[in-house]
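Below: the structure, in structure tokens.
The values are calculated or read from the model by the stated rules, or taken from the named source; none is laboratory data. What you are looking at is a predicted structure, and each value in this text was computed from that prediction instead of being measured. Here Cβ is always computed from backbone atoms with ideal geometry, including for glycine, and neighbour counts include all displayed protein chains. Only protein heavy atoms, including side chains, enter the accessible area calculation; ligands, DNA and RNA are left aside. Shrake-Rupley method; radii C 1.70, N 1.55, O 1.52, S 1.80 Å.
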Amino acid sequence: MYKFGEIVVKLRKPILIIAVLLLIPSAIAYLKTPVNYDLLTYLPEQIDTVKGQEILKEDFGKSAFSLIVTEGLDDQEVAELTDKIKAVHTVASALSYGEITENARIPEQAIPKDYLDKFKNGDAQMIAVFFEEGTSAENTLNAVDEIRKIADENVYVSGMSAFVLDLKDIADHEEPFYVAVAVLCSIILLLLCTDTFLAPFVFLMSIGMAIVYNMGTNYFLGEMSYITKALAAVLQLAVTMDFSIFLWSSFEENIRKYDDHDKAMAVSIGDTLVAILSSSMTATAGFLAMVFMSFTLGVNLGIVMAKGCILGVIGTVTILPSLIRTFEKPMLRLSHKHLIPDVSRLGHIITKKPAVVVFMCLAIALVFPSVYGFLHKPVYYDFTNMVIGPGSTLTEEETQFDTANKKLKEDFDIATTEMVLASSEISHYDAKEMIERIRDLDGVAYVIGYDAFKGGLMPDEMVPDKLRENLISNGEQLILINSSFDVSSDEVNKQIEDINAIIKEYDENAMLIGEAPATKDLTEIMDHDFLVVDALAIIAILIIIMIAFGSITLPFILVLVIELAIMINLGLPYWTNDIMCFISPICISTIQLGSTVNYAILMTTRYRRERANGLEKREAVETAFSMTFPAVVTSGLSFFAATIGVSFAARMGLISQLCGLMARGAFISTLCVLFILPAFFMVFDKLIVKTSRGFKPNAPKNAELTPQAA
């Protein structure tokens, strides 16, 4: 390891030149990496809602769907608007009241009253629009934007594509701001917690390069989700800042030992590499556990963050040493006194028996309410709430989709649209019966199917060709169902179950697709994913710690302490009545475990060293606490600072919530490591010594040896 350090020091100038040059292709690749704003595309391909979407595109030439509400326009104006919409590039079709009554010249009395009532309500009318491409396809978003431009202020475009368009505009403007806030908060924290005014800027230069490399290499993944894009830089900054602090602390210690600062840096690189490799492995393992999610957003986020962690390690042992040696003189000249006080007296207090009993009892007392709150945590699955949900400060002008959705609900009592794909070979009688049974379900606003028109007052030959083309194609029939129940509500989920039961009676291969059915599938998938990912992350980190410490008991103690912190963090929303996004628990659980277990590893390493050097249990724990307190506090607060700033600054609900949970999680983990972990060491010392490598089981008592002397 020291040989590697010598090579880095010797080649520091070429390293910096190469590092700067690599920024150019990385930045270009980053700008060219497509961003996916449609989270439904991350659903498993084998479920009906995904397969049905493909059939809809192949057989009907349709994919995305939108309902447009007009107010104050007469029939002729709506008909003209419909024609303009149909002329927009990639619009597959547009259906409105006038499309049937005017263009097809069919008398109103021949049209089912249900159709008339639901497409026209007073001076409000509705236009159903299908697009040729997917919800978040660039052409679809351009089409929605063009429709908004050709319509006046009394026309409202609803649907997932309108949501994605607004989300894209908001995210593209907000994301650079998140990074700026995280950097500013980190600088302020590091100015307070490090001993030189220049260190934060040197650290951020190194980390910033690693972030650009990470974001640039995402080009080879094909795309990244908007959540990944928004959080990756902030998370990489928060997680890898520890590595920079470790290297600088080691270098400061070694320049007091060696007159040759090149040698001091080489030794520091060797020492730091061993430390940060073990630390980064736990964080990387936590992120990689997300790769096993069925909801493949986890794959995207997990790979990007694991890659960022690895690049952060590489940058810390190559770029950062080169920068430190380059700016060493001004860094040392601008040094200041440490603001973190000596805590040896506090360490003496918390290792006394009364304090140990208090902290152990506190840990036990927190288990039940935390676990209960975690198991009963309120979670939402509505994608629109990710933008305008808890924590959002966006204006109505920025969220036109929400205004349109409210108008749709207000004028037509429609909250979501579902679509049935079934065989067109079903007899007219059975198809009509199926449609009527669906129409009779609670919350179904109306149902449009080909068999609802033909027969009765409208013979088959009178059904307009355009309507037939829209509803029948390649042996499949399309049935539109509009529901008054909100997406992800218990009511709509029950409605979906009832609709599926009905359509399967008539066609066992029939599929129900749309946002609400997809969200219901997502609910079931995420319950499974959380258990799998959490278990894999815990097992991987247990194995890493077990190998690193050669211990059977220490891995369980360390993970138990951090898992308690996670349960407290994710259990609090139940007691405070704060609803979380469905993706929040699984992200926070893996990120908090993988990132903050390093604090516990740092203290455990020092505790083992002191026990191996002959100190008794209490003296070893006291010394470990006192000596690692500054590093643990600095690491925890740097994570806290980078994320809490973004939490307050972010105007999108999901980003604000995720960063707030990460900040609180880092703070809780820091407290648990500083006060509960030492109590565990005191109580289980004898068991730890017997089941771990590197301890002296019969260390002689030395009353003269104090933590300060150690």
**Complete:** Quick count over the stretch 125-162, residues being among the polar types (S, T, N, Q) and over 30 Å from the mean Cα position of the chain (by Cα), is 2
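Do we find a residue being surrounded by fewer than 22 Cβ atoms within 10 Å (Cβ to Cβ), within 30 Å of residue 396 (Cα to Cα), at pLDDT below 95 and of a type outside the set (Val, Ile, Thr) anywhere in the stretch 697-704?
The initial filter retains those residues of the stretch 697-704 that are surrounded by fewer than 22 Cβ atoms within 10 Å (Cβ to Cβ), namely 697-704.
From what is left, the residues that are within 30 Å of residue 396 (Cα to Cα) are none.
The answer is no; no qualifying residue exists.
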**Fill in**
Scanning the stretch 140-160 for residues that are in a helix (DSSP H, G or I), at pLDDT 90 or above and open to solvent by less than 50 Å² (accessible area, probe 1.4 Å), the one nearest to residue 230 (Cα to Cα) turns out to be 141
**Complete:** Just one listed residue, out of 318, 272, 296, is open to solvent by 10 Å² or more (accessible area, probe 1.4 Å), over 28 Å from residue 173 (Cβ atoms) and of a type in the set (Ser, Thr, Tyr), and it is 318
**Request:** Could you please find all residues in the stretch 560-590 being within 19 Å of residue 539 (Cβ to Cβ) and open to solvent by 10 Å² or more (accessible area, probe 1.4 Å)?
**Result:** 560, 563, 564, 567
**Prompt:** Scanning for something over 31 Å from the mean Cα position of the chain (by Cα) and farther than 30 Å from residue 51 by Cα, does the stretch 402-413 turn up at least one residue?
**Reply:** yes
**Asked** Among the residues of the stretch 314-325, is there at least one that is basic (Lys, Arg) and closer than 30 Å to residue 279 by Cβ?
**Response** yes
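With 165, 231, 235, 192 as the choices, which residue is more than 26 Å from the chain's Cα centre (by Cα), part of a helix (DSSP H, G or I) and either in contact (Cβ under 8 Å) with a residue 24 or more places away in the chain or within 21 Å of residue 654 (Cβ to Cβ) (or both)?
Matching residue, one of 165, 231, 235, 192: 192.
Does the stretch 67-119 hold any residues that are of a type in the set (Val, Ile, Thr), assigned to a helix (DSSP H, G or I) and either open to solvent by 10 Å² or more (accessible area, probe 1.4 Å) or at pLDDT 85 or above (or both), and which are they?
Within the stretch 67-119, 78, 82, 85, 101 qualify.
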**Complete:** The condition from (1) open to solvent by 20 Å² or more (accessible area, probe 1.4 Å); (2) of a type in the set (Asp, Glu); (3) under 30 Å from residue 567 (Cα atoms); (4) in contact (Cβ under 8 Å) with a residue 12 or more places away in the chain that residue 529 misses is numbered (1)
